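Here the structure comes first, spelled out in structure tokens, and everything after it is commentary.
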Amino acid sequence: MFKKFIDKSRAKSPWIMHFDCGSCNGCDIEVLACLTPMYDVERFGVVNVGNPKHADVLLVTGTVNPRNAKVLRNIYDQMPDPKGVIAIGACGLSGGIFRECYNVLGGIDKVIPVDVYVPGCPAKPEAIIDGVVTALAKFEGLRG
Amino acid sequence: METIILMIFGVVVAPILGGLISGVDRKVTARLQSRFGPPILQPFYDVAKLFGKVKVINNFWQVFCAWVYLIAAALSVALLFAQSDLLLIFFVQAIGAVFLVMGGLASSSPYSQVGAQRELIQVLTYEPLIILVFASIFMVTGSFRIDEILAYDQPLLVKLPLMFIVLGYALTIKLRKSPFDFSTSHHAHQELVKGVLTEFSGPYLGIIELAHWYETVFILGICALFWHTSLVGVVLLLASTYFAEILIDNTMSRMTWRWMLKYVWSVGLVMSFVNLIWLHVG
């Protein structure tokens with residue numbers, strides 16, 4: 001019974017952590033817009049935490065380059081399992097218009113495994129909320 | 001026998017009550033910010049999820065301190081329900097508070113260290129006030145034992161109105177609400193991440209959350225002593241007190257520890273002395 005309740009709780013209480021690998025701030029503002037009274041993701045139990053050790057879902061925006069890849073990897077490793085990763089915006093997905101730049105590695109998935117891709121430049125808050133909800137399906141998948 | 005049943009009742013009911021209070025707190029806070037807010041049961045989901053996560057620990061002491069914090073908090077609530085001695089309850093809850101600080105100090109993370117130092121200052125600030133409240137209750141009723149206090153025929157609020165406000169300060173600090181939320185705050189991301197709780201994760205964070213619920217119930221139970229003569233009075237008093245806490249939390253910004261120490265000690269001590277002199281004269 002407890003196991004069932006814990007599984008249900010996972011989907012009901014995703015604590016997000018937001019990491020910006022050097023984006024233009026467009027996607028970051030849209031992520032933070034989700035937390036405002038307008039969209040109010042807290043009604044789904046989402047809390048924006050500043051600590052990877054407390055986070056369940058990692059939201060990553062911006063382009064990965066060799067410098068911040070280490071930081072991203074470190075943050076990902078500090079999050080206790082089960083955890084999900086959401087890549088947000090064109091830059092996070094593939095590098096976007098910076099794809100061919102000499103210092104850009106490409107998408108987030110070159111560094112850490114990504115569960116959900118949220119496209120857009122910038123991604124819409126609705127799409128980001130949808131991405132978080134889709135990532136929760138992964139937690140539910142752990143049930144079986 | 002009856003005492004043991006009451007103790008067990010306290011240990012079982014207190015976390016449920018504390019979680020519900022925490023859920024209502026979040027809901028009311030959201031409504032005050034014109035948001036819809038999470039469901040009332042949200043804190044239970046959070047804690048259940050934390051217990052379902054993988055254990056990541058730094059060292060043995062951290063785990064040990066988290067457990068002692070929980071046990072001390074649960075024991076203080078159990079003793080409160082068993083109508084034991086106020087001084088004994090005070091020392092038991094003080095042990096819990098100190099072990100939380102030790103848990104923070106157990107890891108070398110700078111955020112955790114800073115948070116633990118700040119938590120220590122908070123403990124230093126509210127403990128004398130709580131002792132003064134207990135001492136004043138003793139001066140009115142002539143006993144530290146809760147069963148004898150409950151036998152007193154008049155609400156303590158009539159004789160100790162200022163002491164109740166002093167206890168309110170202790171409650172605000174203990175609940176880690178603004179303007180005293182500087183040891184661990186949801187909103188201090190850049191400043192100190194999560195303070196004393198930074199290095200606790202997964203099940204151990206869940207344990208600390210559980211202990212926090214016990215502490216909430218504990219201090220509200222002490223508040224309830226101020227209007228023990230009627231049940232309606234208790235409910236009314238606790239509801240208005242907690243609503244005032246939420247209101248203060250939403251309208252105040254975080255202050256520094258220097259401000260807290262100066263303000264709470266000066267105002268708290270002055271109010272205590274005024275109340276005690278008034279008690280003595282009247």
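Rule-based calculations on the coordinates, nothing more; no lab input. Just so it is clear, the model here is predicted, and its values are computed rather than measured. Virtual Cβ from ideal backbone geometry, glycine too; neighbours counted across all protein chains shown.
Shown here for segment B:22-52: chymotrypsin sites (Phe, Trp or Tyr not before Pro) in loop regions (DSSP other than H, G, I, E, B) with at most 10 other Cβ atoms within 10 Å, of which there are none. Only helices enter this figure: runs of n ≥ 4 DSSP H residues, each worth -39500 (n - 2.57), summed and divided by the residues of chain B, yield -25000 deg cm²/dmol at 222 nm to the nearest 500.
Is the C-alpha gyration tensor of segment B:1-77 telling us rounded, prolate or oblate? Criteria: a/c under 1.5 is rounded; beyond that, a/b larger than b/c is prolate, otherwise oblate. The shape class here is oblate. Angle of helix A:125-141 to the longest C-alpha principal axis of chain A, folded into 0 to 90 degrees and rounded to 10: 60°. The convex hull around the C-alpha trace of chain A, projected and averaged over every direction, spans 8.2 square nanometres. Let me know the shape class of segment A:103-144, please: from the alpha-carbon gyration tensor, a ≥ b ≥ c as square roots of the eigenvalues, rounded when a/c is under 1.5, otherwise prolate if a/b is greater than b/c, or oblate. Oblate shape, in that a/c is at least 1.5 and b/c is the bigger or equal ratio. Shown is the FRET efficiency for B:Leu247 and B:Ile165, computed with R0 = 22 Å from the Cβ-Cβ distance and rounded to the nearest 0.05: 0.90.
Work out which trypsin sites (Lys or Arg not before Pro) in chain A are exposed loop sites (DSSP not H, G, I, E or B, at most 16 other Cβ within 10 Å) and give the longest gap free of them. Result for the longest clean stretch: A:1-98. Taking every alpha-carbon pair within the protein assembly as shown, the share separated by more than 26 Å comes to 58 percent. Counting only DSSP beta bridges whose two residues both lie in chain A, roughly 5 percent are antiparallel.
Among the listed pairs A:Lys8/A:Lys110; A:Lys53/A:Lys138; A:Lys53/B:Lys27, which have their C-alpha atoms separated by more than 22 angstrom in this model? Result: A:Lys8/A:Lys110; A:Lys53/B:Lys27 exceed 22 Å.
Please state the shape class of segment B:43-114: rounded when a/c is under 1.5, otherwise prolate if a/b exceeds b/c and oblate if not, all from the C-alpha gyration tensor. Oblate, because a/c is 1.5 or more while a/b does not exceed b/c.
Check every DSSP H run in chain B and write down those whose alpha carbon atoms cover 15 angstrom or more along the long axis and whose mean Kyte-Doolittle hydropathy is -0.5 or greater. Taking the DSSP H segments of chain B (at least 15 Å long, mean hydropathy at least -0.5), we get B:2-32, B:60-81, B:86-105, B:110-141, B:161-174, B:203-224, B:231-251, B:257-281. Put a dot 7 Å past the Cα of B:Leu231, heading toward its Cβ, do the same for A:Ile97, and the two dots end up 6.9 nm apart. On the beta carbon distance between B:Thr3 and B:Arg258, with R0 = 41 Å, the FRET formula returns roughly 0.40.
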